[in-house]
1. Considering the dipole of region 59-162 built from charges on the beta carbon (Lys and Arg +1, Asp and Glu -1) around the Cα centre, which of L82, L136, L68 is farthest to its positive end?
2. Order the following by accessible area, largest value first: T56, T138. Probe radius 1.4 Å; ligands, DNA and RNA are ignored.
3. Quick check on the chain: helices-only [θ] at 222 nm, where DSSP H runs of length 4 and up contribute -39,500 (n - 2.57) each and the sum goes over total residues. Nearest 500, please.
4. Counting other Cβ atoms within 10 Å of each Cβ, which GluC sites (Glu not before Pro) in region 1-71 have at most 16 and sit in a DSSP loop?
5. With label points built 7 Å along Cα→Cβ from the Cα atoms of A114 and N18, find their separation and express it in nm.
6. Could you give the length gained on full extension between R121 and A160, defined as 0.36 nm per residue of separation minus the Cα-Cα distance, in nm?
7. In whole percent, and with a 1.4 Å probe on the protein chains, what portion of the accessible area of the chain is carbon and sulfur?
8. What whole-number value in Å² describes the accessible area per residue of the chain for a 1.4 Å probe?
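The values are calculated or read from the model by the stated rules, or taken from the named source; none is laboratory data. These numbers come from a predicted model, not from an experiment. Neighbour counts are summed over all protein chains in view; Cβ atoms, including those assigned to glycine, are modelled from backbone coordinates with ideal geometry. Heads up: the accessible areas ignore ligands, DNA and RNA and are worked out on the full protein's heavy atoms, side chains in. Shrake-Rupley method; radii C 1.70, N 1.55, O 1.52, S 1.80 Å.
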Amino acid sequence: LREVLGPRHSDTLATMSNLAFTLRALGKHAEAETMFREALAAEREVLGPCHPDTLTRMGDLASTLRELGKHAEAEAMLQEALAAQREVLGPRHPDTLTLMTYLARTLGELGKLAEAEAMFREVLAARREVLGPRHLDTLRTMYNLASTLWELGKHAEAEAMQREVLAARREVLGARHPRTLTTMGNLASTLHAQDKHAEADAMERE
């Protein structure tokens with residue numbers, strides 16, 4: 001494609017991105033980073049810095065940087081992309097909410113838990129409004145927020161949210177789905193943290 005269409009053709013850039021995703025899936029994060037950077041530089045040049053494809057690529061690169069432990073650089077890139085995404089697509093667009101989720105996770109990994117909590121709450125409010133309370137993306141956001149609350153020591157609030165997620169996942173996914181069981185495990189840990197050992201033990205046995 002580079003030879004036939006040129007390095008800046010849309011098909012060439014799409015193939016580069018697909019290859020970068022494949023490299024990341026194979027655990028070749030450094031190679032994926034290099035390819036995402038090349039694709040991003042080309043898209044900025046061809047499409048402009050605020051084009052949705054450019055902003056999506058920034059999110060892809062930031063996710064790869066997180067995998068490589070480059071959290072500060074990932075945060076800076078996500079902040080830049082999010083500011084543009086909110087302006088271009090709006091604060092309730094799915095791509096905007098996805099970037100916010102990436103940023104919230106990155107903030108948590110950097111120990112900025114209060115900021116992560118605030119962002120997860122914003123995403124949750126939007127997803128409840130746009131997608132509904134039982135949508136899988138809404139439940140995933142609740143799960144992430146509950147985990148952040150747990151890390152902040154807000155165990156009672158985390159417990160309440162985990163119970164809500166568990167009830168919904170049992171209903172939507174079934175009692176034996178891996179995400180349902182993971183939620184049960186996290187809820188058991190939260191119960192232990194509050195000295196509710198008997199209930200926690202029962203949940204772990206289940």
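1. Of the options given, the answer is L136.
2. Output order, biggest surface exposure first: T56, T138.
3. Calculated from helices alone, the mean residue ellipticity at 222 nm is -26500 deg cm²/dmol.
4. E3
5. 4.7
6. 12.6 nm
7. 54
8. So the chain comes to 50 Å² accessible per residue, rounded to a whole number.
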